[in-house]
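A.B. asks: Structure incoming, see below.
The values are calculated or read from the model by the stated rules, or taken from the named source; none is laboratory data. What you see is a predicted model; the values in this text were computed from it and never measured. Cβ coordinates were reconstructed from backbone atoms using ideal geometry, including for glycine residues, and neighbour counts include every protein chain displayed. All accessible areas refer to the heavy atoms of the entire protein, side chains included, with ligands and DNA or RNA removed. Shrake-Rupley method; radii C 1.70, N 1.55, O 1.52, S 1.80 Å.
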Amino acid sequence: MSIENQAETGQLSTNQLKLDVSPGTLYLVATPIGNLADITQRAISVLAQVDVIAAEDTRHSQRLLSHLCIKTKLLAYHEHNEEKITPRLLDELESGKSIALISDAGTPLISDPGYRLVMQAHDRDVRIVPIPGACAAIAALSAAGLATDSFSFEGFPPAKQGARLHFFEPFSKQSRTMIFYVSCHRIIDTLKDMQTTFGESRRVTFARELTKTFETIRRMTLADLIPWVEADPNQRKGEIVVIVEGAAEPRADASQVDHYLSILLAELPVKQAVALVVKMTGENKNDIYKRALALKDA
Ligand code: SAM
């Protein structure tokens, strides 16, 4: 079995793992969001072997690399220099260099720099390899106790209240679970604006300091969560993900149900009419049956 296959099947220990990086390849490497043990074996291997690591904050990333005893050259890549640095990185990739992109924490490009680089790497047919790992949004969602079959990631709401309310508005009726990154400095104001938009009985999951010492995960209605966060200054510190439950699907109103039933009952037996109305409206079968009998008697 090749070394890559052994690694894929998990038969290699950390110090045996030495996957070669390919020349001319851009690696998007996820790093921990708090607990350094969350770095993956592949991430360590790639970071140790690439020619250059492009990092959002080189001083911050140097701490992680020193912890991992990795001496690869670091280069700053952040929102203020990405326009200038991107062509240079792409030239280096085309000349055969391998580059890893990392952000301060978690998965690059998820509310972090790198979009311009990856977009242009595609344009120039550069090979792109993701090295998956921690991401606060997905870690929070997995523990949220809210529907995960359909969700959207919406990043950071705006800092100013007017813009924030405007930003939330289109989500008020969305039935998918919604994931937001929220600055601890704005957590109370943001939760209050969420309450204005989504209503006080909407459930949300508050996920703070994931993977760290003071990790806190609470699912509550907005009406309960706001006073809880207000009462405890510790809940207004650190890094926070807020996950909002999707809106309940709108139910058919009673007059609409009666309208469908009266048309169908004129043509079909009760059982068939009821089955069709349940299919059309998603309403409870027993309720529709009772309503059909009442209409028939009337
Ligand atoms: N790229 C990162 C990722 O994959 O999650 C996100 C970077 S974004 C600049 C930083 C935001 O992510 C924080 O403000 C917070 O909303 C969220 N975040 C990052 N680490 C977190 C953690 N340990 N616990 C909770 N939220 C976290």
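A.B. asks: Taking θ = phi - 60°, what integer Hz values does the Karplus form 6.51 cos²θ - 1.76 cosθ + 1.60 yield along region 69-78, in sequence order, with x for Gly and Pro?
C.D. replies: 6, 9, 10, 4, 4, 9, 9, 6, 9, 9
A.B. asks: Moving to a separate point now. Check which residues have an amide H placed less than 5 Å from Glu239's amide H, if you skip close sequence neighbours.
C.D. replies: Hits under the 5 Å cutoff: Glu209.
A.B. asks: On alpha-carbon atoms, Rg over Rh for the chain using Kirkwood Rh?
C.D. replies: 1.14
A.B. asks: Only bridges with both residues in the chain count here: give the DSSP antiparallel percent, nearest 5.
C.D. replies: Numbers: 18 of 37 bridges.
Expressed as a percentage, antiparallel bridges in the chain total about 50.
A.B. asks: Could you give the C-alpha radius of gyration of region 254-297 expressed as a fraction of 2.2 N^0.38 Å, taking N as the number of residues it contains?
C.D. replies: Working: Rg = 8.7 Å, N = 44, 2.2 N^0.38 = 9.3 Å.
Taking N as the residue count of region 254-297, the ratio is 0.94.
A.B. asks: Grab the Cα-Cα distance for Arg251 and Thr221, subtract it from 0.36 nm times how many residues apart they are, and report the gain in nm with one decimal.
C.D. replies: Details: separation 30, 0.36 × 30 = 10.80 nm, distance 2.14 nm.
Answer, rounded to one decimal: 8.7 nm.
A.B. asks: Can you list the residues, at least 5 places off or on another chain, whose amide H is less than 5 Å from the amide H of Leu28, using H built in the peptide plane?
C.D. replies: Leu101, Val129, Ile131
A.B. asks: Then there is this: Among the DSSP beta bridges whose two residues both lie in region 3-134, what percent are antiparallel, rounded to the nearest 5?
C.D. replies: 5 percent
A.B. asks: Let me ask you something else. At 1.4 Å probe size, with the rest of the protein present, what percent of the exposed accessible area of the chain is carbon and sulfur atoms? Before the final figure, lay out each step's value.
C.D. replies: On the way: 8240 of 16300 Å².
Exposed carbon and sulfur together represent 51 percent of the surface.
A.B. asks: Express the C-alpha Rg of region 3-134 as a ratio against the empirical globular expectation 2.2 N^0.38 Å, rounded to two decimals.
C.D. replies: 1.00
A.B. asks: When ranked by the protection proxy of mean other Cβ atoms within 10 Å per residue, highest first, what sequence do the peptides 270-283, 41-54 form?
C.D. replies: So the peptides 270-283, 41-54, ranked by packing, come out 41-54, 270-283.
A.B. asks: Amide H of Phe156: which non-local residues (sequence gap of 5 or more, or other chain) have their own amide H closer than 5 Å, using H built in the peptide plane?
C.D. replies: Tyr181
A.B. asks: Just subtract the alpha-carbon distance of Asp287 and Ile128 from 0.36 nm times their residue separation and send over the number in nm, one decimal.
C.D. replies: Full extension of this stretch gives 51.7 nm more.
A.B. asks: Could you give the accessible area per residue of the chain, probe 1.4 Å, as a whole number in Å²?
C.D. replies: Heavy-atom SASA per residue in the chain reads 55 Å².
A.B. asks: Determine by what factor the alpha-carbon radius of gyration of region 137-244 differs from 2.2 N^0.38 Å, reporting the quotient.
C.D. replies: This ratio for region 137-244 stands at 0.96.
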